[in-house]
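For reference, the structure is listed below as structure tokens.
The values are calculated or read from the model by the stated rules, or taken from the named source; none is laboratory data. Worth saying up front: this structure is predicted, and the values here are computed from it rather than measured. No Cβ is skipped: glycine too gets one built from the backbone with ideal geometry, and neighbour counts run over all protein chains shown. Side chains are part of the model used for accessible areas, which takes the heavy atoms of the whole protein and leaves out ligands, DNA and RNA. Shrake-Rupley method; radii C 1.70, N 1.55, O 1.52, S 1.80 Å.
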Amino acid sequence: MSTLVLTLNAGSSSVKFALFEAADGAEAEPVRLASGQVEAIGGTARFQARAADGGWATDTAPEEGIPDHAAALARVLAWLEKVRPGASLAAVGHRIVHGGPDHAAPAVIDDALLADLERLVPLAPLHQPHNLAGVRAALGAFPEAVQVACFDTAFHRGHSALQQAFALPRRFFDAGVRRYGFHGLSYESVAARLQRDHPEVHAGRVIVAHLGNGASMAALAGGRSVASTMGFTALDGLVMGTRCGTIDPGVLLYLAQVEKLGWDAIAKLLYEQSGLLGVSGISNDMRTLAASDDPAARFAIDMFIDRAARAAGDLAVVLEGLDALVFTAGIGENSAPVRAGIARRLAFLGAELDEAANADGAAVFSMPSSRIRLLKVPTDEEAMIARHALRLVAPGTIAAAAR
Ligand code: ADP
């Protein structure tokens, strides 16, 4: 029997999951069998799953009986029993937003780690509690599996103190108020693909632009992260679907002191009502904005491109030069106009765009003479989690699961 891994990404009212099978060979990428999600937990929830090969799909009508994460995972377990009767999971890999200052690698979850991650809740109050609720639910639903925590911050833990520190009194740094950087599993996934498919690019000075609903950039030197546009939280840096990105902190003081907004209202504004949605007043979705002829939609896209290009300039300074700019995630992989807009702004640094190759969606879309290579690389955070989880499963456990 095969070795199966489930990946979980637990949010406030949803659990996204994917099922992978270990491939032969220690370093081979696990094979995705299926993906799905339980949405609107606590409301009229919905369970959806589809096979990776498009062979089948399960899509339930809205149902009331999924009040919490534990019930959601019981639903996933029942689904698994149906599609793979008698199968047992070797591992469950969890996406955990925050690993704090100490966790630079994925780790097997035990009581001590769970308590440690609980202490990090104040650093990511909007995400960490839900991630941990997912872990607890999975411990109950899949007791036989090794549970592995994969942190979105881990890939960035090698940043220098200079790149981590805010210009605040030192005691704040010591208390954990630092630039952590996020989207680490995506960057790791892209770096692994670069190493495999473009080793000469991987060895150089690279900026990876993860442009999705959440968006950030990371500077990689020889495949290692040295700086990120995201900081203490996933709010910082680029304009995102609904998040504001970099903002003058004086604006927050103004909102609190003059507009008398409470902190909950400010958090809602910055996380949910800003970015492409707030600027356009139309949508957080790049496709919708690209299809609109409303000038406000154009303005939002222009701002998205402007902030991304400026951030690339900033990270190029950290890298002391730039050999390649790599685009990934929903917008980075699919929007030729956004890639072109950012690349054109970097022409003065030596980026020469191959317009036709970019429009065709080619993996490399810089001119042969370009000093900066321009690439598009698909990210797969779930496959990265599955790989990590498999690496941490002891060989004996795999044998037991395979029996
Ligand atoms: P998330 O951060 O939620 O994982 P994704 O990486 O899936 O987000 O990216 C979602 C974004 O990608 C949306 O703004 C969507 O409009 C955009 N996107 C997807 N396909 C296209 C496309 N063909 N052209 C432009 N934007 C696209």
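Some points to look at:
- Filtered residue count, segment 160-188, keeping only those that are of a type outside the set (Phe, Trp, Tyr), in contact with a Ser or Thr (Cβ under 8 Å, 6 or more places away or on another chain) and surrounded by 23 or more Cβ atoms within 10 Å (Cβ to Cβ): 4
- The set of residues in segment 189-199 that are among the basic types (Lys, Arg) and either open to solvent by less than 50 Å² (accessible area, probe 1.4 Å) or under 15 Å from the mean Cα position of the chain (by Cα) (or both) contains only ARG193.
- Residues in segment 348-378 that are closer than 14 Å to VAL206 by Cβ and not polar (S, T, N, Q): LEU349, ALA351, VAL364, ARG371, ILE372, ARG373, LEU374, LEU375, LYS376, VAL377.
Conditions (1) over 14 Å from VAL135 (Cβ atoms); (2) surrounded by fewer than 17 Cβ atoms within 10 Å (Cβ to Cβ); (3) in contact with a Leu (Cβ under 6 Å, 6 or more places away or on another chain), marked per residue:
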| position | (1), (2), (3) |
| --- | --- |
| TRP79 | yes, no, no |
| VAL83 | yes, yes, no |
| GLY86 | yes, yes, no |
| HIS94 | no, no, yes |
| GLY100 | yes, no, yes |
| VAL108 | no, yes, yes |
| LEU113 | no, no, no |
| GLU118 | no, yes, no |
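- Some residue of segment 328-343 being under 21 Å from the mean Cα position of the chain (by Cα) and outside any helix (DSSP H, G or I): yes
- Restricting segment 1-25 to residues that are out of contact with any strand residue (DSSP E or B) (no Cβ under 8 Å at 6 or more places or on another chain) and free of Cβ contacts under 8 Å to residues at least 40 places away in the same chain leaves a set whose member that is surrounded by the most Cβ atoms within 10 Å (Cβ to Cβ) is GLY25.
- When ALA28 is tested against (1) assigned to a loop (DSSP other than H, G, I, E, B); (2) crowded, with 17+ Cβ neighbours inside 10 Å, only condition (2) is not met.
- Residue satisfying all of: in segment 239-258; small (Gly, Ala, Ser) and surrounded by fewer than 17 Cβ atoms within 10 Å (Cβ to Cβ); nearest to HIS127 (Cα to Cα) among these: ALA256
- Output for segment 337-352, where each listed residue is within 16 Å of the ligand (Cβ to nearest atom), crowded, with 17+ Cβ neighbours inside 10 Å and of a type outside the set (Val, Ile, Thr): ARG339, ALA340, GLY341, ALA343
Residue-wise test of (1) among the charged types (D, E, K, R); (2) loosely packed, with under 14 Cβ neighbours inside 10 Å; (3) within 16 Å of the ligand (Cβ to nearest atom).
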residue	(1), (2), (3)
LYS260	yes, yes, no
ALA267	no, no, no
LEU270	no, no, no
SER274	no, no, yes
ASN284	no, no, yes
LEU289	no, no, yes
GLY313	no, no, no
ALA316	no, no, no
LEU322	no, no, no
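- Hits in segment 50-77 (condition: over 27 Å from ALA234 (Cα atoms) and open to solvent by less than 20 Å² (accessible area, probe 1.4 Å)): ALA51, ILE66, VAL76
- Test: ASP236 is within 11 Å of the ligand (Cβ to nearest atom), under 21 Å from the mean Cα position of the chain (by Cα), among the charged types (D, E, K, R) and surrounded by 14 or more Cβ atoms within 10 Å (Cβ to Cβ): no
- Contact annotation: residue pairs with Cβ atoms under 9 Å, 6 or more positions apart or on different chains, pairing a residue in segment 206-222 that is within 13 Å of LEU235 (Cα to Cα) and near the ligand (Cβ under 8 Å from one of its atoms) with a partner that is among the acidic types (Asp, Glu) and open to solvent by 10 Å² or more (accessible area, probe 1.4 Å), are ASN213/ASP285.
- Qualifying residue in segment 291-307 (condition: open to solvent by less than 30 Å² (accessible area, probe 1.4 Å), under 22 Å from SER189 (Cβ atoms) and more than 11 Å from the ligand (Cβ to nearest atom)): no
- Meets criteria (touching a strand residue (DSSP E or B) at 6+ places or on another chain (Cβ under 9 Å) and either open to solvent by 10 Å² or more (accessible area, probe 1.4 Å) or modelled with pLDDT under 90 (or both)) for GLY43: no
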